[in-house]
Amino acid sequence: ITVIFIFAVLRTAYGLTSSDLTTLDSAVREVVPGNVALLVRLAFHDCVGGCDGCLNVDNPSNAGLEPLVEDLDAVYVANSLDTLVSRADFWAYAGQFALARAITNTNLACDTADDNCPVPDLNISFQTGRVDCDTAPYTDADVGLPSSHIPYANLTAFYADNFGLTEEESVAIMGAHTLGGAEIDNSGFSGVWVRGGAQLFNNDYYTLLLDDTWRQRDVSDDATDPRWQWNAAGVGMMLNADMCLIKEVELDDDGESSCSYDDCAASDGASIVQNFAASQDDWLEKFASAFTKMQATGDFVLSDVE
């Protein structure tokens, strides 16, 4: 399966040509190996508070992203990309590129008997016009990233307030967790969300949320700083923020649930999770809409490639 990453295009507000977009592709290709999930994560973290090409690397919620920002800035400077796009635009482009690469990985691994294969292109258009903060690529601003223990009502409110997402889109954008995982040294949590699928982009995240073998456990080795997450043997890992999509988990201040997967009531998002588990096409449609809105957040006007 061949995927063409070059956007077929001629001009934008920045005056980009097809040759310029080839330059962007080449720059991103230097960074993308091993960083697909991180590039998608950075695209999200940058846009909370407005997409501005700036990251607070001292914020624990951004742990693990600093080396990626350094690598992106190295190719941004080396290729004089500031004459083409802002850093915020480049990070947005890199996030879209990473999603396209994940879809390629998924289709290369496809079982032709699987009704969900191949995964279609998301058809997210690249736009320019985002404005960097004055100290790009770094900032000391606290943009209010969500907690790993955020309950469902607060989670959907966060996405509505920050990106203008609907409830369905809020549940859909969480599906980015089908990529990658958590590391003890960064967040204190451990494991991949989808066992055996950390580089793949499909609706397995939702299918696995319906598994009835999830059990909560503390993965911290420090009793004074617990890290409660959900694990299912041979399945994967979920944070409380993931589990709240399907279950009304009742958490204490440390994130420990007073109910088990079997005992917790269904959350208000359960029917949406069930729909996305049953229909990958429905999820992809809502995800693309959510990601597009997210990348348009900020005090700027975006222009399409024409």
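Just a few scattered comments:
- Taking only alpha carbon atoms, the range 52-147 gives an Rg to Rh ratio of 1.07, where Rh is the Kirkwood radius.
- Here's the picture: a label point sits 7 Å out from the Cα of Arg217 along the beta-carbon direction, and within the range 117-157 nothing has its amide nitrogen under 19 Å of it.
- Tilt relative to the chain, helix 87-108 - C-alpha long axis, 0 to 90 degrees, to 10: 60 degrees
- Cα-only Debye scattering, the chain: base-10 log of I(q)/I(0) at q = 0.09 Å⁻¹: -0.44
- DSSP finds beta bridges in the chain, and of those with both partners inside it, around 95 percent are antiparallel.
- Coupling constants for the range 196-209 follow from the phi torsions by the Karplus curve (6.51 cos²θ - 1.76 cosθ + 1.60, θ = phi - 60°), and in residue order they are x, x, 5, 10, 10, 10, 7, 8, 4, 3, 6, 4, 6, 4 Hz; glycine and proline get x.
- Förster radius 30 Å - calculated FRET efficiency between Leu108 and Val57 (Cβ-Cβ, nearest 0.05): 0.35
- Rolling a 1.4 Å probe over the protein heavy atoms of the range 164-296, with every protein chain left in place, gives an accessible area that is 42 percent carbon and sulfur.
- Sequence-distant contacts, meaning Cα pairs under 8 Å at least 6 residues apart, place the relative contact order of the chain at 23 percent.
- Remark: spin-label model distance Asp161-Asp142 equals 1.4 nm, labels positioned 7 Å along the Cα→Cβ axis.
- Cβ-based net charge around Leu179, under 11 Å, with every Lys or Arg adding one and every Asp or Glu removing one: +1
- Checking Cβ-Cβ separations below 4.7 Å across the chain identifies Cys244 as cysteines lacking any candidate disulfide partner.
- Asp225 paired with Asp71, simple spin-label distance in nm, labels 7 Å along Cα-to-beta-carbon: 2.6 nm
- FRET efficiency, 1/(1 + (r/R0)^6) with R0 41 Å, evaluated for Asp263 and Asp134 via beta carbons: 0.20
- Per-peptide packing, taken as the mean over residues of other Cβ atoms within 10 Å, places 120-126, 130-136 in the sequence 130-136, 120-126 from highest down.
- Residues listed by number, the range 201-225, amide nitrogen under 20 Å from Ser279 label point at 7 Å toward C-beta: 202-210
- Relative to the Cα centre, the charge distribution of the chain, modelled as +1 at Lys and Arg Cβ and -1 at Asp and Glu Cβ, gives a dipole magnitude of about 900 debye.
- Take every pair of alpha-carbon atoms less than 8 Å apart whose residues are at least six positions apart; their mean separation over the length of the range 57-181 yields a relative contact order of 23 percent.
- Radius 9 Å from Cβ of Cys259, net charge of other residues (Lys, Arg +1; Asp, Glu -1): -3
- Look at the dipole of the chain built from charges on Cβ: of Leu84, Leu145, Val40, the Cα furthest out on the positive end belongs to Leu84.
The values are calculated or read from the model by the stated rules, or taken from the named source; none is laboratory data. Remember, predicted model here, so these are calculated numbers, not experimental data. Methodologically, a virtual Cβ is constructed for each residue, glycine included, from the backbone with ideal geometry; neighbour enumeration extends over all protein chains shown. Quick note on the areas: whole protein, heavy atoms, side chains included, nothing else; ligands and nucleic acids left out. Shrake-Rupley method; radii C 1.70, N 1.55, O 1.52, S 1.80 Å.
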